[in-house]
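These notes concern the structure reproduced below.
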Amino acid sequence: MPSITEAVPLPWVLTLAGALFCVGLFGALSRRNTVGILLGIELMLNAVNINLVAFWRYLEPNVVAGQTFALFVITVAAAEAAIGLAMIIAIYRARQTVNADEVDSLRG
């Protein structure tokens, strides 16, 4: 049975991660809804995780640096999602909207 490095070449994995990052970037820049913007940012962070794990697996499988960095990115993404959603809920309660164009000042 072939290993993963023999089954899927590195450029294919990087192409997948690049496409996922582009979809996330487009989603983050084109959305007006702040929840959609957060989803785009999460997609970009997941693309970074794919890159980290792919480079770890294909270049240095004996060193756990890629996995360690991926875990840090997952931790930051979870914190970003929790804080971002809490901010969106607070903004919605104050202004009755989650449209990013309508929430452009800090004053209530």
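Taking the range 20-36 only, how many residues are more than 17 Å from ALA78 (Cβ to Cβ), touching a residue at least 12 places away in the same chain (Cβ under 8 Å) and assigned to a helix (DSSP H, G or I)? Talk me through it step by step, then tell me what you get.
Quick first cut of the range 20-36, residues more than 17 Å from ALA78 (Cβ to Cβ) only: 20-23, 25-34, 36.
If we keep only those that are touching a residue at least 12 places away in the same chain (Cβ under 8 Å) too, we end up with 20-21, 23, 25-28, 31-34.
Checking which are assigned to a helix (DSSP H, G or I) leaves us with 20-21, 23, 25-28, 34.
Looking only at that region, the number is 8.
Here's a check for you: in the range 21-34, which residue that is open to solvent by 60 Å² or more (accessible area, probe 1.4 Å) and among the aliphatic types (A, V, I, L, M) is farthest from the chain's Cα centre (by Cα)?
Only one residue fits best here, namely LEU29.
Go through (1) open to solvent by less than 50 Å² (accessible area, probe 1.4 Å); (2) touching a Gly at 6+ places or on another chain (Cβ under 9 Å) for GLY84 and report which single condition fails.
Going through (1) open to solvent by less than 50 Å² (accessible area, probe 1.4 Å); (2) touching a Gly at 6+ places or on another chain (Cβ under 9 Å) one by one, GLY84 breaks only (2).
Working only within the range 60-98, note down all residues that are under 15 Å from GLY36 (Cα atoms) and acidic (Asp, Glu).
GLU80
Given the condition touching a residue at least 60 places away in the same chain (Cβ under 8 Å) and assigned to a helix (DSSP H, G or I), answer yes or no: does some residue in the range 75-86 qualify? Don't jump to the end; show me each part of the working.
Of all residues in the range 75-86, those touching a residue at least 60 places away in the same chain (Cβ under 8 Å) come to none.
No.
How about the range 90-108: which of its residues are open to solvent by 90 Å² or more (accessible area, probe 1.4 Å) and either of a type in the set (S, T, N, Q) or modelled with pLDDT of 85 or more (or both)?
TYR92, ARG93, GLN96
Can you tell me which of (1) part of a helix (DSSP H, G or I); (2) open to solvent by 60 Å² or more (accessible area, probe 1.4 Å) is the one ASN62 doesn't meet?
(1) is the only condition that ASN62 fails.
Quick one: in the range 2-19, of everything that is assigned to a loop (DSSP other than H, G, I, E, B) and open to solvent by less than 60 Å² (accessible area, probe 1.4 Å), which residue is modelled with the lowest pLDDT? It would help to see each step written out before you state the result.
The initial filter retains those residues of the range 2-19 that are assigned to a loop (DSSP other than H, G, I, E, B), namely 2-3, 8-9.
Right, trim to open to solvent by less than 60 Å² (accessible area, probe 1.4 Å) and you get 3, 8-9.
Working: SER3: 63, VAL8: 86, PRO9: 89.
The extreme case among them is SER3.
The rows are residues; the columns are (1) in contact (Cβ under 8 Å) with a residue 24 or more places away in the chain; (2) under 25 Å from LEU10 (Cβ atoms).
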| residue | (1), (2) |
| --- | --- |
| PHE69 | no, yes |
| VAL73 | yes, yes |
| ILE88 | yes, no |
| ALA94 | no, no |
| ASP101 | yes, no |
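The values are calculated or read from the model by the stated rules, or taken from the named source; none is laboratory data. Note that the structure is predicted; figures quoted are calculated from it, not measured. FYI the Cβ positions are ideal-geometry reconstructions off the backbone, even for glycines, and counts take in every protein chain you see. Surface areas here come from the heavy atoms of the whole protein model, side chains and all, with no ligands, DNA or RNA. Shrake-Rupley method; radii C 1.70, N 1.55, O 1.52, S 1.80 Å.
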